[in-house]
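Structure first, then comments.
Coordinate-derived values only; no laboratory data. None of the values given here were measured: they were computed from a predicted structure. Here the Cβ positions follow ideal geometry from the backbone for every residue, glycine too, while neighbour counts run over all protein chains shown.
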Amino acid sequence: MRKLENQKQIILDTAKQILQSGEYQNLSIRKISTECKIGIGTVYNYYKNKTDILMDIIKDFWMNYISSVTCKINNCTSLLDKIDIFYYELVSYSSRFRYELVSKELNSSILDKGRALHNDAQSILVKLIKTEVNKDYIMSEEEQDDLSSFIANNLVALIIIKTYDYSVFRNHLSKIITIYKRRENK
């Protein structure tokens, strides 16, 4: 078996590859061990079961997403352009993660843990959006909170439900934000 410095990351990356190529049922500690050529005992040193691995995959998904959008929004001048980045990056990341496929395979206790992680990450997303709203528009703290939550919730809903096109949401959002006074660029 291999001796590597970052075995946990190798295990996590291997588990992601297995999920991306098939269904959740194909994910097992034994399969991960075989695929990444790391002893099964070593895998168990990092993860007691595949649920723990999946939770780390969800955390990793959100950390990578947040990092990516944080870098990209710095190059945008308008709030709507920033929201575009939030949305299209979420589309890109969620398609790689295959959220829908994985969630259909999970039992309710695992889904509850996943939802808790998702809610924590979505709170970070709301804070990021709020920061961008505050940079561009003058509004009360409560209005910032409401608008930021509205945007984040709709972006996630667009990914999961897929009932209407993002352009419809963007169009309505552009109308909503026109009621607020823009900050002067300094």
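For the chain, the 222 nm mean residue ellipticity estimated from helices alone, with every DSSP H stretch of n ≥ 4 adding -39500 (n - 2.57) and the total spread over all residues, rounds to -25000 deg cm²/dmol.
Each of N171, I85, N45 was placed along the dipole of the chain (beta-carbon charges, centred on the mean Cα), and the one lying farthest toward the positive end is N45.
Note on the range 50-182: lysine pairs with Cα distance below 17 Å, sequence gap of 8 or more or different chains, count 17.
Which entry in (1) 45, 36, 33; (2) 61, 35, 25; (3) 44, 41, 27 matches Cα extents along the principal axes in Å derived from the coordinates of this structure? Given (1) 45, 36, 33; (2) 61, 35, 25; (3) 44, 41, 27, the structure-derived one carries the label (2).
In plain terms, the residue of V133, V168, V91, V43 with the fewest other Cβ atoms within 10 Å comes first and the most crowded comes last, giving V168, V91, V133, V43.
Tell me, what is the percent relative contact order of the chain, built from C-alpha pairs under 8 Å that lie six or more residues apart? Present the calculation step by step, with values, prior to reporting the outcome.
On the way: 131 pairs, mean separation 37.6, N = 186.
Relative contact order comes out at 20 percent.
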